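Structure first, commentary second.
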Amino acid sequence: DEDDDDDNQEEEVEYEFDDEYGGDNDEYDSDMNSSDEEGEGKEKKISLDSTGSNVKSLSLEQVEKWQDVARTNLTPASLKKILFSFWAVCLTGKRKNLLEGKSEKQKIPVIAEGKVFVSIVQFCTTELPDIFDRILSIDTSVKSGSFTLPMSSSKWKHLRATVKKYLKLLSILFQDLYLSDEEMQRFLLQHVERIAPYVVCHKGFGKGFLKMLLRLWSGSSSNTIRISSFLAMRRIAMSRKFPFLELCLKGLYLTFARSTKVVTWRTIEAVTIMRNCIVELCGIDVIVTYQHAFVFLRQLAVHLRNALTAKTKDSYRKVYNWQYICCLEVWVAMICSFPNEAELLPLSYPISQIVLGTAKLVPTSRYIPLRLHCCRMATSLCASTHSYLPVPPILFEILNCSELHKPPEGGKTLQLHLDTTLSVSKASLSTKTFHSAVISDVLFQLLSFITVFSSDISFPEIVIPIITSLRLKLKDTNVIRFKKQFQLLLENILSQKKWIEDKRNKVEYGPTDIEKIKNFLLNNNNEIENSPLVKYHQTMKHIRESEKQAFLEGQGSRKDKDDGEDDDDEGDDFSDVDEDDSDDNNGFDDDEDDD
């Protein structure tokens with residue numbers, strides 16, 4: 001039972017949602033399981049007239065004859081024969097027990113040849129929607145870009161029952177889609193996208209198809225199937241925004257939260273695609289997006305507030321896990337994707353506060369990777385909203401942690417991939433791999449943050465605290481390799497500072513001319529791209545992408561031993577951190593490593 005499976009999944013999820021969605025998402029599940037006002041969801045049987053009741057076996061010649069008649073001289077009888085042949089397809093194999101009705105009195109036709117099966121499925125999925133359009137005198141094809149609902153046609157009442165039977169048969173065929181090969185899955189998903197305007201005319205079937213599409217979207221191992229499932233859901237949502245846009249948005253987000261309990265180098269690409277799908281759906285209607293984003297962000301803020309006040313392992317665990325971080329990344333990506341939408345702009349402040357609060361919640365060395373995730377999100381918010389967030393103090397706090405000032409111990413370990421890591425074990429804190437990965441990432445994030453303001457007229461003043469801190473780090477660092485990295489970053493910052501000062505000295509307006517200050521270097525994109533800091537950032541970005549690609553290729557040739565897999569949020573018991581790493585209020589009990 002699909003409903004039981006969904007309930008079991010809900011119980012396994014540690015990530016909780018507010019009661020405004022019915023506690024444990026009961027309201028969403030009831031919306032998806034409820035039938036519409038027309039009563040389509042109540043139908044349990046499929047019955048076809050005795051057309052072809054004397055047919056014991058369907059031959060290819062007979063099926064093609066029916067199809068030719070449907071193409072040239074369409075009549076209710078010819079259309080009924082097409083549905084009869086499709087009914088035979090749905091009865092093949094295990095689908096037989098899903099149908100009830102006249103099966104005892106009616107001789108069920110047998111499809112003995114694979115060619116007959118392929119011919120029927122291909123005709124129904126490629127030509128039958130066009131036949132429906134021709135009857136209703138509308139165009140609902142994907143290429144047309146039209147979202148005209150079939151129910152708006154005056155002829156819909158004559159075709160409604162036929163479409164309803166076809167959708168029921170298709171839903172039965174779709175239930176076995178998980179057992180099909182990838183090509184068959186992709187083919188039927190494209191068909192669902194094509195007939196989305198007909199699906200939404202029957203709310204009961206629409207909700208059923210959404211549930212099946214969500215299962216494929218989150219459970220498929222193929223990114224092609226995942227994208228095809230999303231395209232079908234997006235067209236359903238765009239064909240009839242109410243109630244399907246809200247159902248799609250809730251369903252995608254809740255399914256995404258359930259699917260991100262573990263993020264490894266194997267799953268990070270799928271997680272990224274799923275996040276991008278949610279962000280794209282958010283752009284359909286920003287008003288609806290704001291309403292739901294506000295509720296979900298409020299729940300994230302509640303978890304963070306509880307962790308700050310309770311200071312218990314359980315409260316910390318609800319924040320420092322992959323589900324929380326991935327959900328937070330969804331809303332950061334949404335703000336960054338639609339920075340000019342006035343309806344979504346008020347959400348940037350609570351998002352930034354949650355991000356910074358999460359980064360400061362447990363300021364210990366073991367959770368440096370998680371804090372770096374938060375700093376990366378904060379930098380993205382700065383770039384999209386043109387606001388300043390205090391990211392450098394967090395980065396320098398990481399650089400000043402005691403573990404990075406101690407000589408590395410132990411032999412060589414596997415390369416640390418910070419994108420799939422939230423915390424490391426105490427033993428890993430003293431390794432050379434950890435030191436190198438953290439310092440390199442901190443310096444690159446610092447460079448990325450400064451580059452956001454590289455064309456700002458106030459850049460020379462913004463970087464003064466950063467320059468001072470970097471000079472202090474140069475004096476404290478004894479490792480030559482790290483010292484060179486600090487020195488190179490400092491030199492590029494100073495070069496950019498001088499470059500901006502030279503440009504600023506040529507302007508003829510003062511600090512009171514706000515509009516002219518905002519337009520400083522606005523139309524000089526070529527000069528900005530050739531400025532010292534921007535060129536250095538592009539070079540370092542290319543180097544890091546090459547290193548990341550080499551890492552993923554190396555991991556693909558060995559078994560999954562990525563640190564992030566063992567370091568997922570559920571395996572993290574928030575073991576004790578030495579009191580010298582944290583204040584007394586952040587101490588935990590010592591237990592096993594989480595690396």
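Only one of Glu246, Glu280, Glu329 is part of a helix (DSSP H, G or I), closer than 18 Å to Leu422 by Cβ and of a type in the set (Asp, Glu). Can you tell me which? Talk me through it step by step, then tell me what you get.
Numbers: Glu246 fails: closer than 18 Å to Leu422 by Cβ; Glu280 fails: closer than 18 Å to Leu422 by Cβ.
Matching residue, one of Glu246, Glu280, Glu329: Glu329.
Whenever a residue of region 148-160 is within 9 Å of Ile135 (Cβ to Cβ), its partners that are open to solvent by less than 70 Å² (accessible area, probe 1.4 Å) and in a loop (DSSP other than H, G, I, E, B), lying with C-beta atoms within less than 8 angstrom and at least six residues away or across chains, give the pairs Ser153/Ile138. Looking at Leu381, Leu372, Leu389, just one residue is of a type outside the set (Ser, Thr, Tyr), modelled with pLDDT of 95 or more, touching a helix residue (DSSP H, G or I) at 6+ places or on another chain (Cβ under 8 Å) and not in a helix (DSSP H, G or I), and that residue is Leu389. Selection within region 414-441: residues that are out of contact with any helix residue (DSSP H, G or I) (no Cβ under 9 Å at 6 or more places or on another chain) and part of a helix (DSSP H, G or I). The member of this set that is surrounded by the fewest Cβ atoms within 10 Å (Cβ to Cβ) is Ala427. Contact annotation: residue pairs with Cβ atoms under 9 Å, 6 or more positions apart or on different chains, pairing a residue in region 465-484 that is within 15 Å of Glu403 (Cβ to Cβ) and at pLDDT below 90 with a partner that is open to solvent by 40 Å² or more (accessible area, probe 1.4 Å) and among the charged types (D, E, K, R), are Thr477/Lys483.
Return a yes/no flag: does region 223-232 have any residue that is without any contact (Cβ under 8 Å) to a residue 40 or more places away in the chain, part of a helix (DSSP H, G or I), over 16 Å from Phe296 (Cα atoms) and out of contact with any Cys (no Cβ under 8 Å at 6 or more places or on another chain). No - not one qualifying residue is present in region 223-232.
Every residue, every condition in (1) touching a Gly at 6+ places or on another chain (Cβ under 8 Å); (2) within 18 Å of Leu372 (Cβ to Cβ); (3) surrounded by fewer than 17 Cβ atoms within 10 Å (Cβ to Cβ), yes or no:
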site: Ala307; (1), (2), (3): no, no, no
site: Ala310; (1), (2), (3): no, no, yes
site: Trp322; (1), (2), (3): no, yes, no
site: Val330; (1), (2), (3): no, no, no
site: Met334; (1), (2), (3): no, no, no
site: Phe338; (1), (2), (3): yes, no, no
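The values are calculated or read from the model by the stated rules, or taken from the named source; none is laboratory data. It should be emphasised that the depicted structure is a prediction, and the values quoted were computed from it without experimental measurement. So basically every Cβ, Gly included, is an ideal-geometry build from the backbone, and we count neighbours across all protein chains shown. Ligands, DNA and RNA are stripped out before the accessible areas are found, and what is left, the full protein with its side chains, is counted by its heavy atoms. Shrake-Rupley method; radii C 1.70, N 1.55, O 1.52, S 1.80 Å.
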